[in-house]
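Working notes for the structure below.
The values are calculated or read from the model by the stated rules, or taken from the named source; none is laboratory data. All values reported here derive from a predicted model rather than from experimental measurement. Glycine gets a Cβ as well: all are built from the backbone with ideal geometry, and neighbour counts include every protein chain shown. With ligands, DNA and RNA removed, areas are computed over all heavy atoms of the protein, side chains included. Shrake-Rupley method; radii C 1.70, N 1.55, O 1.52, S 1.80 Å.
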Amino acid sequence: KISQHHHHHQVVADAMGRSKLNTSLKSNTPIPLPHDGPIYAALNDPNTSSSDDSVLQAACQLCTDESGSSVETKLCQDLTNATTSKEQIQKLQAYKSSKRNASSAKESEPKLSETLRYEVIALYRLLLEWSLSIQTPVPLRRTTQAIIVQDRSVEEVSQKVLVSFWSSKSWKNPLMSLETALNSPILKPILQAALLHDCITFLYKTYISKSLEAKDMSSESIVEIGSRLSEILKLLLDKHEGEIPHGEEQRRYILMLFQCPGLPIDTYNTLGIVYGRLLLCSETESLSETAIEEVQKIDDTHANLSALARLQVVKGIAATMSLDILMNVQSKTQ
């Protein structure tokens, strides 16, 4: 059992971004199902179990049911008993093709019923959390997410899982899990639309505001968190226009990161793009004026930035602006 108190500290420590993304199947050891997220927390600490979430409860039951005979229960048992992660991938692929065969036997076009069978939704929730968990490598993550079929009830479950990044203390590294979610074609649109404001508020309160108050800019955690946050903001804002919460403070944060010693070179490029996007999200009315002003006064306004950082700010602004605004900028700067 994990005591809630101890678990919370573990979350804070891990959230500092020290654990790197686990990206490949370097070791072929099986990945525990589950090992992170709300289902894992509910199984390990009865106090965290939310009785109002029936899908979460059903997912917990799937994990503990050793005598069930449904295809979903059998898959959970197989994934738990597998001796390698490759075997886990094979079990998932077999489940996917058996579902496909079953649905094409019923009709030529495999379609899901309006309300998915309850156990299937519980399985999807379990697999979704597993795919966003700290130890799950990319190949397993992709195979897992490929099984999840989009449907209204699945979207509701997905939204609950995403909200748990900031509404619960159950993720070991919420930033890493959030970045993983933003790289998923199923989850990214939900974060960019319904959850955008909540997500940005969470990032601001939990990480950005603390970094803005920090005394030591060279601290490893500020650089690591900054690199990950800039990647997250780049993905989150890539289609967004219109105001966002704490936009001005976020621009200040990006400029602050540019001054961090030890910042990886590829992060410079990302920071420039994020800065341009944050500018785009500020005041759409006079955007071309704002852009012109930023570019024209770059050497005065951002004199404390290195030449490379200033160049990336200009490139970021240029990459974000639409062509007509850029033409406008060009005609006014000549």
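What residue, among those in segment 62-97 that are within 15 Å of THR144 (Cα to Cα) and loosely packed, with under 13 Cβ neighbours inside 10 Å, is modelled with the lowest pLDDT?
SER97
Restricting to segment 209-241, give me the number of residues that are farther than 20 Å from ALA181 by Cβ and open to solvent by 20 Å² or more (accessible area, probe 1.4 Å).
Number satisfying all stated conditions: 13.
Tally time: how many residues in segment 163-179 are open to solvent by 10 Å² or more (accessible area, probe 1.4 Å) and either closer than 20 Å to ILE147 by Cβ or touching a Leu at 6+ places or on another chain (Cβ under 8 Å) (or both)?
Within segment 163-179, residues that are open to solvent by 10 Å² or more (accessible area, probe 1.4 Å) and either closer than 20 Å to ILE147 by Cβ or touching a Leu at 6+ places or on another chain (Cβ under 8 Å) (or both) number 2.
Would you tally the residues in segment 150-168 being more than 17 Å from the chain's Cα centre (by Cα) and either assigned to a loop (DSSP other than H, G, I, E, B) or among the aromatic types (Phe, Trp, Tyr) (or both)?
Adding up the residues that qualify gives 2.
List the pairs whose first member sits in segment 264-278 and is touching a residue at least 24 places away in the same chain (Cβ under 8 Å), whose second member is hydrophobic (A, V, I, L, M, F, W, C) and open to solvent by 10 Å² or more (accessible area, probe 1.4 Å), and whose Cβ atoms are under 6 Å apart, counting only residues at least 6 apart or on separate chains?
ILE273/ALA319; GLY276/ALA319
Go through segment 246-280 residue by residue and tally those that are open to solvent by 30 Å² or more (accessible area, probe 1.4 Å) and not in a helix (DSSP H, G or I).
5
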